[in-house]
Amino acid sequence: MYQMKKFLTKTILFLLILIVVNLLLLFVIPKDRNHFLCEYDRKVELLKTTPQPRIILLGGSNIPYGVNTKMLVDSLHTNVVNFGMYGGIGIRLPLEDCLQYVKKGDSVVLQMEYHNFFNGGNGGDIAFIAFMVATDWKYLGMLNAKQAWNVLRGAPKKAIGNFKRLVDYSVTHSWDTPVENQTYVYTMSGFNKYGDEVSHLNYTSHSSLASDIDYKLLPIDSAFVVWLENILHRYESAGAKIIMLPPVCVETYFKNVYNPQIKNYLHQIGYDYVVAPDSMVLNDSCAFNTGYHMNRSGVIQNTQRIIKILKNLQ
């Protein structure tokens, strides 16, 4: 009995030390001010300050990696807010967050990645804990149970990453990701004033399409579709016009990740895509480093398509 109590005491003490070390690594180590997800706060500022009339592009990284916003502004003669960020944080939080800044008369072009229909739009663990740190935990109160669980699951991995940064600091004397790199690195400094990621346009494409998950094997989350219908109604109640546009992607990726049932579900809730999903597909040669991220040629082609679609809807 004594040995068991001794073992439990040591186990509890070890776990407490582990928790304290993780918390110290998470909250004491300064954040990376050039982290890719630090851009989210700048995009919120664009939402707050961009005057009407305006079009809001909302979705994951297919938008900042697939659109030339200045081309849109010049062609459509209206202000455009690129509020696309990163599919890893899902679509729920960005949609909920954007809603408070929507004004009567706004046009919201929703281009969310297909995987949101399979994971409930909640993102993943590493992405969410990185997002919390990058935005100084200000969105903690907006998290649902699944997102909060993603934060908890990702905390140990983020703590390990911070330990590595602590080691690197002894050499670099900087907590931030360097701006200049010989190979492409995700950073906030890669975005321009419109919210487009433009630094990747200077690098050679190196796509890895074969490694993408076949999401067609996963069922569509019907609860997410119900939630989507509800929040889009709230946008319309706020006076916004909703334009459902499929995300840009390349051929191989589209074949692996698109489930035709998505179109049916959207029709059932009354928010059909304004064009067929395959009409937003580009040749594999347009991929940069994923099926959703376009290289220079892909960005131009996709932007031209979006301009044509939005002009036809005017």
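Does Leu232 satisfy the condition of being part of a helix (DSSP H, G or I), modelled with pLDDT of 90 or more, touching a strand residue (DSSP E or B) at 6+ places or on another chain (Cβ under 6 Å) and not basic (Lys, Arg)?
Yes.
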First in segment 183-206 and under 19 Å from Gly88 (Cβ atoms) and touching a residue at least 24 places away in the same chain (Cβ under 8 Å), second anywhere and in a loop (DSSP other than H, G, I, E, B) and of a type in the set (Gly, Ala, Ser), Cβ under 8 Å, 6 or more apart: Glu197/Ser61
Residue among Leu99, Leu37, Leu95, Leu46 that is at pLDDT 95 or above, crowded, with 23+ Cβ neighbours inside 10 Å and either over 12 Å from the mean Cα position of the chain (by Cα) or closer than 26 Å to Gly141 by Cα (or both): Leu95
Quick one: would you say Leu282 is touching a strand residue (DSSP E or B) at 6+ places or on another chain (Cβ under 6 Å), over 30 Å from Glu45 (Cα atoms), surrounded by 16 or more Cβ atoms within 10 Å (Cβ to Cβ) and at pLDDT 95 or above? yes
Which residue pairs have Cβ atoms closer than 6 Å, lie 6 or more positions apart in sequence or on different chains, and pair a first residue in segment 91-108 that is within 12 Å of Ile56 (Cβ to Cβ) with a second residue that is among the aliphatic types (A, V, I, L, M) and part of a loop (DSSP other than H, G, I, E, B)? Val102/Ala238; Val102/Ala240; Asp106/Ala240; Val108/Ala240
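For the structure I just gave you, tell me whether Ser174 is at pLDDT below 95, among the hydroxyl-bearing types (Ser, Thr, Tyr) and assigned to a helix (DSSP H, G or I).
Criteria not met by Ser174.
Regarding segment 199-214, can at least one residue be identified that is among the aliphatic types (A, V, I, L, M), more than 30 Å from Asn79 (Cα to Cα) and in a helix (DSSP H, G or I)?
Within segment 199-214, one or more residues are among the aliphatic types (A, V, I, L, M), more than 30 Å from Asn79 (Cα to Cα) and in a helix (DSSP H, G or I).
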Filter segment 222-261 for residues that are surrounded by fewer than 18 Cβ atoms within 10 Å (Cβ to Cβ), under 27 Å from Val80 (Cα atoms) and among the small types (Gly, Ala, Ser) and give the result. Ser237, Ala238, Gly239
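Residue under question is Gln301, and the condition is that it be closer than 26 Å to Thr50 by Cβ and polar (S, T, N, Q); does it hold?
Considered against the rule, which asks whether it is closer than 26 Å to Thr50 by Cβ and polar (S, T, N, Q), Gln301 comes out as yes.
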Mind checking which pairs have a first residue in segment 149-167 that is touching a residue at least 40 places away in the same chain (Cβ under 8 Å) and a second that is small (Gly, Ala, Ser), Cβ under 8 Å, 6 or more apart or different chains? Lys158/Ala130
If Lys158 passes every condition in (1) charged (D, E, K, R); (2) out of contact with any Pro (no Cβ under 8 Å at 6 or more places or on another chain); (3) buried (at least 17 other Cβ atoms within 10 Å of the Cβ); (4) part of a loop (DSSP other than H, G, I, E, B) but one, which one does it miss? (4)
Given (1) on the phi > 0 side of the Ramachandran plot; (2) surrounded by 17 or more Cβ atoms within 10 Å (Cβ to Cβ), where does His173 come up short, assuming only one miss? (2)
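The values are calculated or read from the model by the stated rules, or taken from the named source; none is laboratory data. What you see is a predicted model; the values in this text were computed from it and never measured. Note: ideal-geometry Cβ built from the backbone for every residue, glycine included; neighbour counts use all protein chains shown.
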